[in-house]
Amino acid sequence: QVQLVESGGGLVQAGGSLRLSCAASGRTFSSYDMGWFRQAPGKERELAAAISRSGSRTYYADSVKGRFTISRDNAKNTVYLQMNSLKPEDTAVYYCAADMGKWLGTQYEYDYWGQGTQVTVSS
């Protein structure tokens, strides 16, 4: 069992930055690929970024590429999402999730989810 707790969300002006953190319980954090998903009002949840177990592979959605950076610290059981040059369209609830299966599985294959943290970008 893994519990995930996100933090770092908030209200920021367009062009600003936020850093999200996701702290995981348990001693098997390094066994999971980690993803940051987001869901805007009225839209489907989408994968914004993902990082492999060792951190050697990363994935970014086209909409965040070049602005967001995902990283992890397995010694601290934590995954981060650095978000720069934020845009109003980045407004969403951001969720971290853990996947023990294949790399870049669908959201339905992720095993554990956090409760989400709200990010609001004002224009």
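The values are calculated or read from the model by the stated rules, or taken from the named source; none is laboratory data. What you see is a predicted model; the values in this text were computed from it and never measured. Note that each Cβ is placed from the backbone with ideal geometry, even for glycine, and that neighbours are counted across all protein chains shown. The area values use the complete protein model at the heavy-atom level, side chains included, leaving out ligands, DNA and RNA. Shrake-Rupley method; radii C 1.70, N 1.55, O 1.52, S 1.80 Å.
Numbers below:
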item	result
Label-point gap, in nm, between THR58 and SER30 - each point 7 angstrom along Cα→Cβ	2.0 nm
Cα centre as origin, Lys/Arg/Asp/Glu Cβ charges: the range 17-81 dipole, Debye	140 debye
Lysines with Cα under 25 Å of LYS76, excluding same-chain neighbours fewer than 8 positions away	LYS102
Solvent accessible area, Å² - LEU11, 1.4 Å probe, full protein context	130 Å²
Residue order for ASP62, ASP111 - accessible surface, 1.4 angstrom probe, largest first	ASP62, ASP111
Protein accessible area in the range 63-123, 1.4 Å probe - carbon and sulfur %	49 percent
Sparse-neighbour loop sites [trypsin sites (Lys or Arg not before Pro); the range 29-123; at most 12 other C-beta within 10 Å; DSSP]	LYS43, ARG57, LYS65, LYS76, LYS102
For the chain: accessible area per residue (Å², 1.4 Å)	51 Å²
Value of relative contact order over the range 2-123, rounded to a whole percent, pairs C-alpha under 8 Å and six or more apart	35 percent
DSSP-assigned coil residues among GluC sites (Glu not before Pro) in the range 2-60, each with at most 16 further Cβ atoms within 10 Å	GLU44
Given charges at beta-carbon only (K, R positive; D, E negative), |dipole| of the chain in Debye	280 debye
